[in-house]
Amino acid sequence: MLGLLKNPVVVTAEINMNLVALTVIGLISRLWGLSYPRAVVFDEVYYGQFVSLYMKRIFFVDDSGPPFGHMLLALGGYLGGFDGNFLWNRIGAEYSTNVPVWSLRLLPALAGALCVPLGYQILVELQFSHCAALGAALLILLENSLITQSRFMLLESILIFFILLAVLSYLKFYNLQRHSSFSGSWWFWLLLTGVACSCAVGVKYMGLFTYMLLLSVAGLHFWHMIGDQNLSNVSLMCHFLARGLALIVIPVAMYLSFFYVHLTLLYRSGPHDQIMTSAFQASLEGGLARITQGQPLEVAYGSQITLRNVLGKPMQCWLHSHTNTYPIRYENGRGSSHQQQVTCYPFKDVNNWWIVKDPGMQQLVVSNPPRPVRHGHIVQLVHGITTRYLNTHDVAAPLSPHSQEVSCYIDYNISMPAQNLWRVEIVNRESDTDVWKTILSEVRFVHLNTSAVLKASGFMVIWLYGASLPEWGYRQLEVVGEKLSKGYHQSMVWNVEEHRYGKSQEQKEREVELHSPTQMDISKNLSFMAKFTELQWKILTLKNEDTEHKYSSSALDWITMDTNIAYWFHPTSGAQIHLLGNVVTWASANVAALAYGCLSLWYLIRRRRKIYDIPEDVWQLWVSAGGICVGGWAVNYLPFFLMEKTLFLYHYLPALTFQILLIPIVLQHLSNHLCRSLLLKSMFSALIVAWFSSVYLVYRTFSPVTYGQPSLSATELKDLRWKDSWNILIQKQ
């Protein structure tokens with residue numbers, strides 16, 4: 001034992017100085033002057049709102065994607081001690097002293113800086129030279145658009161970081177596959193691939209494109225393994241299960257965990273509650289939970305209820321009536337029943353209250369013990385304030401003439417008897433004997449005489465025609481009776497939101513009673529999976545109105561960078577920040593992609609004729625590099641041609657990053673296999689040096705509008721307008 005102490009413990013490590021230097025330079029380029037400008041820059045006005053809501057633990061829904069990216073931005077605010085108190089209402093607004101600007105921008109900047117060494121390592125793992133890898137890293141380092149996007153509280157740099165990390169991890173795993181399967185490092189890189197993929201998807205759904213690409217590559221590689229006779233069936237099954245665990249199970253579990261943390265942090269009611277179901281709202285602290293506390297769970301005959309439409313978009317609304325009647329004739333000449341109006345009202349109001357009545361009894365109070373209403377029971381709905389019965393008949397609705405008018409019945413002593421019986425159908429029932437429950441049950445009301453379903457059709461009218469009921473209907477939403485044969489839609493489904501057990505038969509006492517809570521408790525705790533499913537569905541289906549933006553662009557504009565985005569402008573000095581790429585790099589990326597495509601086609605045709613211009617191992621390397629780089633560009637770019645949303649230049653940055661990685665691949669291939677003589681190689685090397693010098697020169701030229709300093713004169717700004725389509729802001733003298 002003492003003999004071991006005679007010699008010192010020595011630890012040796014290999015340090016790639018290229019990686020160290022690239023990391024340091026990358027950090028300097030992204031972190032330098034990070035707090036400048038101390039003002040809201042472009043989409044910081046959008047993401048900052050969510051950071052403030054995280055700080056205050058207030059629930060929100062963002063239809064742009066999952067919550068992981070927002071949580072990372074909020075982490076920066078938390079580490080900086082941000083209290084969430086700032087009004088994010090204007091681009092260019094000066095930050096107050098309580099906003100930790102450097103801390104909020106730190107994580108995107110770190111992610112952008114680390115993309116530089118990641119680019120280097122990816123080319124090394126693709127079996128290209130360190131010189132080519134160094135060139136790829138430097139191109140990422142000097143790309144003005146990537147620098148701009150990574151220096152502010154935005155998500156693209158974080159997305160690109162996780163995308164590149166996923167690609168690198170898979171390549172390292174694949175290269176280890178040949179000689180050290182199931183080793184510790186093999187498992188590490190395989191698991192990291194799945195983790196990075198889930199993080200990329202969790203930041204933005206654009207990450208799903210690269211995830212699908214890597215799954216396809218992994219599937220192709222496993223298909224080749226199946227043909228390897230040296231692998232036993234057991235070994236193949238172990239490989240399959242390992243990949244399934246790391247690339248599917250773990251990413252799904254991590255994706256769910258993002259939402260779990262999100263929902264755990266945001267437990268307070270907020271401005272976005274209204275688009276969620278009543279059950280979801282009731283699970284949040286404050287808001288509806290405060291209103292519904294102590295409500296009865298089971299709806300009984302005599303219950304006083306408000307009915308909220310489940311669809312909840314473009315706005316939430318409740319079944320409503322008031323003393324006004326439908327006009328005898330509408331503006332188009334059609335007649336109405338002149339009965340009391342029934343609408344869907346987007347605000348809480350005493351006229352939203354209804355009483356569930358047993359058609360066989362006159363009482364409007366809950367018996368003792370209460371008689372619960374079950375699926376399939378027949379009820380009458382009595383308007384709480386006017387005591388008139390919910391009714392529908394064969395009269396055309398005011399805005400939807402193909403549907404039946406819904407009203408509260410007034411007896412005019414004419415040949416139009418009341419038709420006020422409704423069958424309760426619980427849509428989300430577990431059995432046909434289910435009890436109608438407050439908040440939890442989603443119900444349809446089917447008219448007994450006509451089989452029409454009570455429906456808030458005002459949603460569809462607004463979507464199609466941009467209109468609600470006219471002035472006589474107080475601009476409220478239309479409610480109709482829709483035939484069952486026309487199918488099921490969420491606008492036909494309602495849930496009880498507020499609920500009281502009625503105790504008084506007298507109308508005046510009943511009006512007071514509508515505001516008096518009972519003391520029976522209701523369990524409103526939703527499971528995590530129920531909340532996740534609802535929130536995920538809202539994120540996927542909730543779409544804000546896409547409006548034309550001054551700096552929006554089409555996907556075709558991105559390739560040639562015919563557009564830019566003015567991120568920030570100083571009102572006095574004229575200093576400004578623009579999202580503009582390095583023109584030489586963008587053009588070179590397009591040329592490299594075109595050259596790769598042409599060369600690949602040429603090689604394929606020649607190989608078909610049994611003519612092999614390059615060795616087989618070089619061909620396999622060429623194909624695999626193209627699968628990653630060209631494939632990565634394609635899956636991150638082409639889907640935007642199918643998207644109906646407002647697009648911006650920054651959407652192209654993930655695709656551009658893959659294209660940049662392709663440039664040194666093509667250059668090395670040309671140098672090694674097409675420049676046959678020493679003279680040609682020397683000339684080609686000289687051209688590469690000149691070309692790279694131009695990349696650096698363009699980077700330096702546009703750095704004032706990349707970093708926002710120094711401010712430029714009007715003449716200097718005009719000189720930067722290399723394309724007429726670029727919107728460089730020039731102050732009038």
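The values are calculated or read from the model by the stated rules, or taken from the named source; none is laboratory data. As the structure is a computational prediction, the values presented were derived from the model and not from experiment. A quick note on method: Cβ atoms are made from the backbone with ideal geometry, for glycine too, and the neighbour counts reach across all protein chains shown. In case anyone asks, the SASA skips ligands and DNA or RNA and just uses the protein heavy atoms, side chains included. Shrake-Rupley method; radii C 1.70, N 1.55, O 1.52, S 1.80 Å.
Points worth noting:
- Taking the Cα centre of region 104-243 as origin and assigning +1 to Lys and Arg Cβ atoms and -1 to Asp and Glu Cβ atoms, the resulting dipole is close to 180 debye.
- Accessible area per residue in Å² at 1.4 Å probe, computed on the chain: 45 Å²
- By the rule of a C-alpha distance below 14 Å, with chain neighbours fewer than 8 residues away ignored, the aspartates and glutamates paired with Lys56 are Asp83, Glu285.
- Residue (of Tyr637, Leu165, Phe128) at the positive-pole extreme of the chain, dipole from beta-carbon charges: Phe128
- When both region 9-23 and region 531-591 are represented by their alpha-carbon centers, they are found 38 Å apart.
- Over 31 Å apart at the Cα level, from the set Lys483/Lys503; Lys204/Lys455; Lys204/Lys550, are Lys483/Lys503; Lys204/Lys455.
- The slack in the chain from Glu716 to Val623, taken as 0.36 nm per residue of separation less the alpha-carbon distance, amounts to 29.0 nm.
- Rounded to 10°, Cα long-axis angle of helix 130-141 versus longest principal axis of the chain: 40 degrees
- Where no second cysteine Cβ lies under 4.7 Å, the cysteines concerned in the chain: Cys115, Cys131, Cys197, Cys199, Cys238, Cys408, Cys598, Cys629, Cys675
- Placing +1 on each Lys and Arg Cβ and -1 on each Asp and Glu Cβ, with no other charges, gives region 218-329 a dipole about its Cα centre of roughly 380 debye.
- Burial order of peptide ranges 123-133, 713-723, 447-457 (average beta-carbon count within 10 Å, highest first): 447-457, 123-133, 713-723
- Computed from the Cα positions only, the extents of region 294-519 along the three principal axes stand at 51, 37, 31 Å, in decreasing order.
- Overall shape of the chain was characterised from the C-alpha gyration tensor. The equivalent ellipsoid obtained from it has semi-axes of 61, 31, 26 Å, in decreasing order.
- Taking the Cα centre of the chain as reference, the dipole from Cβ charges on Lys and Arg (+1) and Asp and Glu (-1) amounts to some 1100 debye.
- Estimated [θ] at 222 nm from DSSP helical runs (n ≥ 4, -39500 (n - 2.57)) normalised by residues in the chain, nearest 500: -14500 deg cm²/dmol
- Residue (of Phe347, Thr585, Leu31) at the positive-pole extreme of the chain, dipole from beta-carbon charges: Thr585
- Relative to the longest principal axis of the Cα atoms of the chain, the long axis of helix 207-226 makes an angle of roughly 60 degrees.
- Computed from Cα atoms, the angle from the helix 68-79 axis to the main principal axis of the chain rounds to 80 degrees.
- By accessible area, using a 1.4 Å probe on protein heavy atoms only, the chain has 61% of its surface on carbon and sulfur.
- Diffusion coefficient, µm² s⁻¹, Stokes-Einstein with Kirkwood Rh over alpha-carbon pairs of region 271-413 at 4 °C and 1.567 mPa s: 77 µm²/s
- Most to least packed among 594-606, 343-355 [average Cβ atoms within 10 Å]: 343-355, 594-606
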